[in-house]
Amino acid sequence: MIPRHQTILLGVLVLASLVMGVALWQLRDRAHQRLVAGEDSAPTKAPEVAPAEQATLMVANDDDNSLLGQVHSLPLPSDPGSRARAILGRLLDIYAAANAAHPVPGGATSVAQVFLLPVLESDSGKAVAGTSAPGGSGPSNSGGGNSGAARDSGPELAVVNLTSSFVSTHPSGLETETLTVLSICGTLHANLPRVTQVRFLVDGQSRATLAGHADLTRTYLTSDAAPPELTHP
Amino acid sequence: MAALLVAAGLAGIMEPLAAAQQAPPAPPAPPARFVVVLDAAHGGDDTGGRLTSGQYEKNATLALSVRLRSLLGARGMQVITTREADQSVEMAKRAEVANHADAQACISLHVAETGSGVHLFASSLTPAVPSHFAPWKTAQAGWVTRSLALAGVLNSALQHGGLTVTLGRTALPGVDSMTCPAVAIEIAPQRDADRKITAEPDDTDYQALVANTLAAALLEWRTEARQP
Ligand SMILES: [Zn+2]
């Protein structure tokens, strides 16, 4: 025969464990929601919660070798690296659309990351990319919220990390490759005016050319992306 | 008698001297030679792009180089090519060939399936004063102004020939090291108003039209190059 007080204790314990089980389940659910929300902000598409803002895209046209500024409204995260990535994503979506004037397959997912680094005085002209300055002011990338580079107000180097699938399907040619490079440089400068230099990586590695022509080993100055001009003497 | 002979001889010598003194100053002598460097881009392992016909760009550029070489040769120009076969040639080697030739025009030939008409590119380097000690990678900076002038002559000739032309500037490892007026030419498909392709870039007639127009334009460039 079990004493009455022991039966009550057992009942209380069973009830407590049931309550704790429910609480744990709810916590797990909440953690999962947070995780999903976190994943949403990392990829190319900005989270829907980000307010829609206007961005100027320098859109290339193969027919006349031109870059034309177009204002688009799209949700933009506040972190500069994520912002740059979202803007370039929209630009590459335009190129991936049917009947594009500058057709390049791939779209928004072709930009893996954009890192923004301060341009050091000694670097001007030939900045070295991919290394974060010692002392913690690391690159501000699209994944994290590190905005170390944004703290100063000097010129910035943007390191655009493209995916190898984008590069391997990019059409080959002097004009088409030059336009892709210049439109990325011009678009970055139009929306992040402090970006004065741009370097490219492919899957995090340096690469000789985009598709056989445009030099990806050099640092591009955003002033290069000014509309191509040729003067006849 | 001897004195007479000497006098006659002296007169014979003096006559052209006097004539030379009286004649108006002669125009500057034309350059003894007019050299064009033709650089068929790509080759060997570097196939370049792939055309709709299935042909590699490296073969199309070589065919164009061969065609241009004979057209320019027929017009009395000395032609030096960076390659005559399907072989890989380093960018530095191409520039070395061009710089050795002391050429009045260096033409790098490309063929592509994107865009339309003929794309002309000059180096995007900022013009600088020519120097014998210019850094190798940016040696073209001293020639950019002349390269833009050459691009201008080619542009008007091609447009007069009824071809679509786009002009641009770009960074090109080979051309950027050349110490001559240098232009990269990319032949793209000919398209109608609806962007429909009317001639592929490796179409024989289309290539012939472009090559003939370029040859005529280089003849004009030679005349301009003679101007002081
Ligand atoms: Zn090419």
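Below, the figures for the structure above:
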item	result
Conditions (1) more than 14 Å from chain A (Cβ to nearest Cβ); (2) modelled with pLDDT under 95; (3) in contact with a Phe, Trp or Tyr (Cβ under 8 Å, 6 or more places away or on another chain); number of the one not met by B:Thr170	(1)
Verdict on B:Pro228 being more than 13 Å from chain A (Cβ to nearest Cβ), at pLDDT below 95, farther than 22 Å from B:Ser53 by Cβ and over 16 Å from the mean Cα position of the chain (by Cα)	yes
Filter result (within 12 Å of the ligand (Cβ to nearest atom) and either out of contact with any Ser or Thr (no Cβ under 9 Å at 6 or more places or on another chain) or not small (Gly, Ala, Ser) (or both)) within the stretch B:48-59	B:Arg50, B:Leu51, B:Tyr56, B:Glu57, B:Lys58, B:Asn59
Scan of the stretch B:60-78 for residues that are within 16 Å of the ligand (Cβ to nearest atom), more than 14 Å from chain A (Cβ to nearest Cβ) and without any contact (Cβ under 8 Å) to a residue 60 or more places away in the chain, ordered by number	B:Leu62, B:Ser65
Condition check for A:Ala52: without any contact (Cβ under 8 Å) to a residue 40 or more places away in the chain and under 24 Å from B:Gly168 (Cα atoms)	no
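The values are calculated or read from the model by the stated rules, or taken from the named source; none is laboratory data. The shown structure was predicted, so the numbers you read here are calculated from the model rather than taken from an experiment. Methodologically, a virtual Cβ is constructed for each residue, glycine included, from the backbone with ideal geometry; neighbour enumeration extends over all protein chains shown.
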